[in-house]
């Protein structure tokens with residue numbers, strides 16, 4: 001079933017990839033259309049986002065597998081009760097129901113600069129359509145889509161489908177929209193990336209990590225060299241960069257929200273950074 005969706009050499013990533021985390025989480029409600037448009041307005045080269053699957057098989061944007069009471073509201077506009085904090089599970093709701101929740105109007109203390117506005121969890125296809133229209137309207141260069149598949153073994157069948165089905169549904173949207181050359185699929189779950197490598201070998205992959213194991217050990221677990229190695233930013237050092245680059249793997253750490261730290265990492269030689277505040281890129 002191998003589908004070499006694109007020749008990766010045609011669509012090289014930028015020399016320094018400026019990625020807006022969940023769009024622009026520090027400035028607009030995460031994983032929403034407004035967040036993606038804000039990131040584009042600020043000149044990112046890649047939109048970073050998270051994908052989940054609804055009960056009726058739709059691919060939508062969300063970090064959490066359920067509605068997060070910290071910054072999301074019920075369709076009625078009311079708070080999600082503490083006792084129900086993890087009960088509104090996306091994989092157990094049709095998208096028509098998911099669409100009714102308000103995920104942008106509640107103040108989120110972790111990101112006080114967020115511009116509050118009524119928003120919803122969009123379908124991936126809507127995000128792509130809106131982004132492509134914005135780029136065309138403003139005569140901007142093509143951006144990349146860095147999409148995290150949110151799976152882990154304990155969540156199979158509860159919070160999401162197993163990797164084979166998840167990847168197939170996600171890739172169906174990407175291929176239908178003609179975006180394969182501009183997509184990076186990232187995950188902490190090596191199973192998901194292994195499915196991608198096997199079934200869609202032309203798609204760029206990124207291994208997310210936050211463990212203390214070496215690059216070599218993490219690559220051994222994965223079973224192949226991804227295009228990108230994406231560690232928690234505090235784990236990046238000169239040795240890691242040298243080893244990754246020797247293997248022709250780019251290093252793009254997450255999530256860096258301090259301008260000085262971004263500058264330090266750039267000088268160290270990282271290939272990009274993921275940040276909640278893409279406005280910081282203007283100050284580099």
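The values are calculated or read from the model by the stated rules, or taken from the named source; none is laboratory data. For clarity, every value in this text was computed on a predicted model and none was experimentally measured. Reconstructed Cβ throughout: ideal geometry from the backbone, glycine too, with neighbour counts over all protein chains shown.
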Among the numbered criteria (1) surrounded by fewer than 22 Cβ atoms within 10 Å (Cβ to Cβ); (2) within 13 Å of the chain's Cα centre (by Cα), which single criterion is violated by residue 47?
(1)
Mind checking which pairs have a first residue in segment 267-284 that is closer than 13 Å to residue 46 by Cα and a second that is at pLDDT below 95, Cβ under 6 Å, 6 or more apart or different chains?
none
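Can you say whether residue 89 is touching a helix residue (DSSP H, G or I) at 6+ places or on another chain (Cβ under 9 Å) and surrounded by 14 or more Cβ atoms within 10 Å (Cβ to Cβ), as far as the supplied structure shows? Quick ask: steps written out before the conclusion?
Details: touching a helix residue (DSSP H, G or I) at 6+ places or on another chain (Cβ under 9 Å): no; surrounded by 14 or more Cβ atoms within 10 Å (Cβ to Cβ): yes.
Against the criterion (touching a helix residue (DSSP H, G or I) at 6+ places or on another chain (Cβ under 9 Å) and surrounded by 14 or more Cβ atoms within 10 Å (Cβ to Cβ)), residue 89 does not qualify.
Matching residues to (1) out of contact with any strand residue (DSSP E or B) (no Cβ under 9 Å at 6 or more places or on another chain); (2) more than 27 Å from residue 24 (Cβ to Cβ); (3) surrounded by 14 or more Cβ atoms within 10 Å (Cβ to Cβ); (4) in contact (Cβ under 8 Å) with a residue 60 or more places away in the chain:
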site: 147; (1), (2), (3), (4): no, no, yes, yes
site: 159; (1), (2), (3), (4): no, no, yes, yes
site: 166; (1), (2), (3), (4): no, no, yes, yes
site: 169; (1), (2), (3), (4): no, no, yes, yes
site: 238; (1), (2), (3), (4): yes, yes, no, no
site: 243; (1), (2), (3), (4): yes, yes, yes, no
Subset of segment 205-222 (residues that are touching a helix residue (DSSP H, G or I) at 6+ places or on another chain (Cβ under 6 Å) and in contact (Cβ under 8 Å) with a residue 24 or more places away in the chain)
209, 215, 221, 222
Exactly one of these conditions fails for residue 102: (1) touching a residue at least 40 places away in the same chain (Cβ under 8 Å); (2) farther than 23 Å from residue 189 by Cβ. Give me its number.
(1)
Residue 118 - would you say it is crowded, with 17+ Cβ neighbours inside 10 Å and either within 13 Å of residue 30 (Cα to Cα) or in contact (Cβ under 8 Å) with a residue 60 or more places away in the chain (or both)?
no
Residues to consider are 185, 274; find the one that is under 22 Å from residue 162 (Cα atoms), at pLDDT 95 or above and crowded, with 19+ Cβ neighbours inside 10 Å.
185
Name the one entry in 142, 117 that is more than 30 Å from residue 207 (Cα to Cα), touching a helix residue (DSSP H, G or I) at 6+ places or on another chain (Cβ under 9 Å), at pLDDT 95 or above and in a loop (DSSP other than H, G, I, E, B).
117
Among 228, 249, which is more than 16 Å from the chain's Cα centre (by Cα), in contact (Cβ under 8 Å) with a residue 12 or more places away in the chain, under 29 Å from residue 279 (Cα atoms) and surrounded by 15 or more Cβ atoms within 10 Å (Cβ to Cβ)?
249
